[in-house]
1. Please work out which one of (1) within 16 Å of the ligand (Cβ to nearest atom); (2) open to solvent by 70 Å² or more (accessible area, probe 1.4 Å); (3) within 23 Å of G186 (Cα to Cα) is the condition Y257 fails and give its number.
2. Quick one: would you say T264 is among the hydroxyl-bearing types (S, T, Y) and in contact (Cβ under 8 Å) with a residue 60 or more places away in the chain?
3. How many residues does segment 124-141 hold that are over 18 Å from the mean Cα position of the chain (by Cα) and either more than 15 Å from the ligand (Cβ to nearest atom) or open to solvent by less than 30 Å² (accessible area, probe 1.4 Å) (or both)?
4. Take the conditions under 15 Å from the mean Cα position of the chain (by Cα), touching a residue at least 12 places away in the same chain (Cβ under 8 Å) and open to solvent by 50 Å² or more (accessible area, probe 1.4 Å) and apply them to E239. Does it pass?
5. Just checking, which of N262, N250 is more than 14 Å from the ligand (Cβ to nearest atom), in contact with a Pro (Cβ under 7 Å, 6 or more places away or on another chain) and open to solvent by 10 Å² or more (accessible area, probe 1.4 Å)?
6. Which one is modelled with the lowest pLDDT among residues in segment 220-251 that are part of a loop (DSSP other than H, G, I, E, B) and over 20 Å from E185 (Cβ atoms)?
7. Considering only segment 87-183, give the helices (runs of 4 or more DSSP H) lying wholly within it that have at least 1 residues that are modelled with pLDDT of 95 or more and more than 29 Å from T5 (Cα to Cα).
8. Within segment 75-86, work out how many residues are open to solvent by 80 Å² or more (accessible area, probe 1.4 Å) and in a loop (DSSP other than H, G, I, E, B).
Amino acid sequence: KFMQTKKVIVTGVTGQDGSHMIDYLLENTEYEIYGTIRRLSVKNHENILHFKNNERVHIVDMDLNDAHSIRDVIISVKPDYFINFAAQSFVAGSWKYPTQTFDTDANAVLHILESIRRFAPECRFYNAGSSEEFGDVQYSPQDEKHPLCPQSPYAAAKCGARHLVRVYRESYGLFAVQGWLFNHEGTKRGKEFVTRKITKGVARIKREINAHMESGYQSSVRPLELGNLDAKRDWSDSEDFVEGVWLMLNQDAPKDYILSSNETHSIREFIELAFDAAGFHDTDTEWRGEGLEEEYVCNIGNKWVTLVKINPKFFRPAEVDLLLGDSNPIREELGWSPKVSFDKLVHKMVKFDLDG
Ligand code: F7E
């Protein structure tokens, strides 16, 4: 009997998660994949080059800020799955462009839900939810019952989207879920997010120091400038998370789960581990000073070199101080398990940036 191949729409494919999602689907399913991209005057196709010419991947134009384009794509593809990873995902940017953030991260989800309801009601929908929705956390670890306490326009938009997903699920019986994804990183992570900013900065500093050592010329190294080093995050590998998302989409009945490592580490710890991974040993490095004067320094050839300093420009109007997830429900109920530890993740990112 002829069985039509299932079709999956993935948005945000030029970003980290969408790109990994397509790799995961190519490897683990036989489905036809529709990756949507938005037109930009300067192309940002780095993360899609490796599958752009794969015959199972169709790159289609769609802009989340245009409800007509969403509708047209849903009508023409008639998807079995719709995975929405596209977003204005940079929390700090959401204070600078709050309306664009809300349109992209909340209103667009409403447009997708409406088009699915009208034109593809059997389609399973996943929307990328965030640990930022817990924001001003009330207790740790955060579980699925933790109240929504957003601290930024970004998080408020994700909370709005979460309510819409639930309302559409309950009102119309759609298979629609929104997981809570704690921070997830990797070598495709955008360079403005703190982890990638650090690993790229570590690699640059390492190269600068090597060049100076070789030339014997002792000019100063440009330090990495960061904001709040005391924030704590629950970091995982994005590749582990796309599998969790696929499990959520293929469970028997729609239910929202948390994806997290169940560990928390400060930005400071990430910095220490990243420099250590690049060969800056802890016997040669130390933190000095306090507050805005704080610095991470390293003794190189009997000279103290500043590796990291604080720039208040990177402080946020409101901060999420601590995130720590409890992902035991999805581990127990859907059998998800992450493969990459915090240590491995930092090493992988530093190695990639040193080699690149
Ligand atoms: O900041 C602190 C900053 O921008 C992490 C997104 O994927 O995960 C991500 O959101 C922490 C914050 O990610 C700098 O203040 C210090 O406390 O890497 P981030 P995020 O805001 O946690 C969640 C789950 C999402 O949903 C988001 O879409 O690091 N920090 N100094 C800094 N952060 C940045 N970006 N740059 C700094 O210089």
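1. (2)
2. yes
3. 5
4. On the way: under 15 Å from the mean Cα position of the chain (by Cα): yes; touching a residue at least 12 places away in the same chain (Cβ under 8 Å): yes; open to solvent by 50 Å² or more (accessible area, probe 1.4 Å): yes.
When the stated conditions are applied, E239 passes them.
5. Selected residue: N262, the only one of N262, N250 that is more than 14 Å from the ligand (Cβ to nearest atom), in contact with a Pro (Cβ under 7 Å, 6 or more places away or on another chain) and open to solvent by 10 Å² or more (accessible area, probe 1.4 Å).
6. The selected residue is S220.
7. Working: elements: 98-102, 108-119, 153-172.
Counting at least 1 such residues, we get 98-102, 153-172.
8. Within segment 75-86, residues that are open to solvent by 80 Å² or more (accessible area, probe 1.4 Å) and in a loop (DSSP other than H, G, I, E, B) number 1.
The values are calculated or read from the model by the stated rules, or taken from the named source; none is laboratory data. Remember, it's a predicted structure, so these values are computed and weren't measured experimentally. In this analysis, Cβ positions are derived from the backbone assuming ideal geometry, glycine residues included, and neighbour counts consider all displayed protein chains. Protein only, heavy atoms only, side chains kept; ligands, DNA and RNA dropped before computing areas. Shrake-Rupley method; radii C 1.70, N 1.55, O 1.52, S 1.80 Å.
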